[in-house]
1. In debye to the nearest 20, how big a dipole does the stretch 2-132 give about its Cα centre with +1 on each Lys and Arg Cβ and -1 on each Asp and Glu Cβ?
2. Which residue, LEU98, LEU235, LEU198, has the most motion in a Gaussian network model of the chain that connects Cα atoms within less than 10 Å?
3. Test of understanding: what is the full-extension gain from GLU250 to ASN94, defined as 0.36 nm times their sequence separation minus their Cα-Cα distance?
4. With axes computed from alpha carbons, what is the tilt in degrees of helix 22-46 against the longest principal axis of the chain, rounded to the nearest 10 within 0 to 90?
5. Considering the dipole of the chain built from charges on the beta carbon (Lys and Arg +1, Asp and Glu -1) around the Cα centre, which of VAL199, LEU45, TRP224 is farthest to its positive end?
6. Work out the length of the dipole vector of the chain about its Cα centre, built from +1 on the beta-carbon of each Lys and Arg and -1 on the beta-carbon of each Asp and Glu, and round it to the nearest 20 debye.
7. Compute the length gained on full extension between TYR68 and LYS10: take 0.36 nm times their separation in residues and subtract their Cα-Cα distance, giving the result in nm to one decimal.
8. What is the helix-to-structure angle for 186-209, meaning the angle in degrees between its Cα long axis and the longest Cα principal axis of the chain, kept from 0 to 90 and rounded to the nearest 10?
Amino acid sequence: MCTLYLDELKEERKVTNDEFDTAGFQEKMVNLGKVLSHDATKFTLSCKPPRKVSDAIRMIQEVSNTVYRIVGFYNTIPDRAGKVFKNAYRLAVNELLLGVINLCSNFLRKEDQASFMVPTAAVWDACKDLAGLPKDNRAAVRQAWVSLMSTLRDAKTEVHEIVRGEDRSEGFDDNEGEDDETDLTEEELEVAKTCAKLVDMAVFVMQKIERRCLAEGDPMPVAWLDDVYRSAQILVDETDVLVSQIYDEEAAYMKEQVKLYIGYSKDLVNIAKHQAKGEHADWFVMCENKYDSIWVNTNKVLKASFSI
C-alpha cells in the first residue's frame, strides 16, 4: 500500500478547488500527524510480547487508515496553492511513508526486532515535522529560500578563496599520478574575479528579494512566488557549476559561462522588479545595468589579455 502511495506521489495531479484553505490544510495535516504518531506507538507495542496477534492486526489497520487519510488530503492540494507549497508537503508525506514502510518491515525480520524503537522514532520525527510545514506558498518559498541562501553563501566563500589563492586546484593527473597544485593564469584570474563579483551580486539580489518581497508587503501572487523561487533555484545551481569550473576550464570557455550566468542573474532580477515597489524596484533596475556593465568590462579585460 505505502509503496503504491510513493509511486503516486511522483505523479502530477491536476486539482482544482477554489475554496482550498492552505492554513486549514496545514492544521489538518498536523493533527493527522499526531494521530499517526500515536498509531505507530500503539502498533509497536502491539507487536511485542505478550501482545496478541489480533492487537497487531487491529493497529496496523489503524495505521493504514491514517496513512490513507494523509495521502488523501495531500491529493486535494490544487495547483492554485502553489508549486513550492505542494512540493513541501510532497516531501513530508514521502518521509512519512518511508518511515511507516521501515517500521512495518522491521517486524518481518527477526534480527531487526531488537531495534524496533529506531524506526518508531523515525516515524515520530516525520510526524512532528508536519508542524513546521508552511501555511501558504509564501511561507513555503521563504523556508526553501533559506536553503538556497546557504548554498549560495558557500559558493561565495569558495570563489573568494580561489581569487585569494587559498583554494587551489590539486592538479591530480589520473595517468601520471601528479598532484602539483595548479595556479590560475592571468586570464583565468580575471575570470575568477568576475565570477566573484557576480556571486556577490547574486547574494545581494537574493537577500533583497527575501527582505523586500518575501518578508514584507502585500500578499504576493502565487504564480509569482513559484516563478521567483524557480529562477533563484536555477541561479544557485548555476552558481555551483560556475565556481566549480574555474580551475577545470580555460578562460575563453569560462567567458561564455560568465555570459550565461549573467543571463540567469538578470532573469531573476527581472522577475523581482515587477513585484517590488518604489525605490526597491529602482534598485533591481540598477542591478540590471550593473550586470551589463560587468559583461562589457569583462569583454574588454579578456580581449586585452588575449591580445598580449
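Throughout, read-outs are computed from the coordinates displayed, never taken from laboratory work. Just so we're clear, the structure is a prediction, and the values are computed from it rather than from any experiment. Cβ sites come from the backbone with ideal geometry, for glycine too, and all protein chains shown count toward neighbours.
1. 360
2. Ranking LEU98, LEU235, LEU198 by mean-square fluctuation puts LEU98 first.
3. 51.9 nm
4. Result, in degrees: 50.
5. LEU45
6. Dipole size: approximately 2360 debye.
7. Gain on extension, TYR68 to LYS10, equals 19.2 nm.
8. Rounded to the nearest ten degrees, it is 50.
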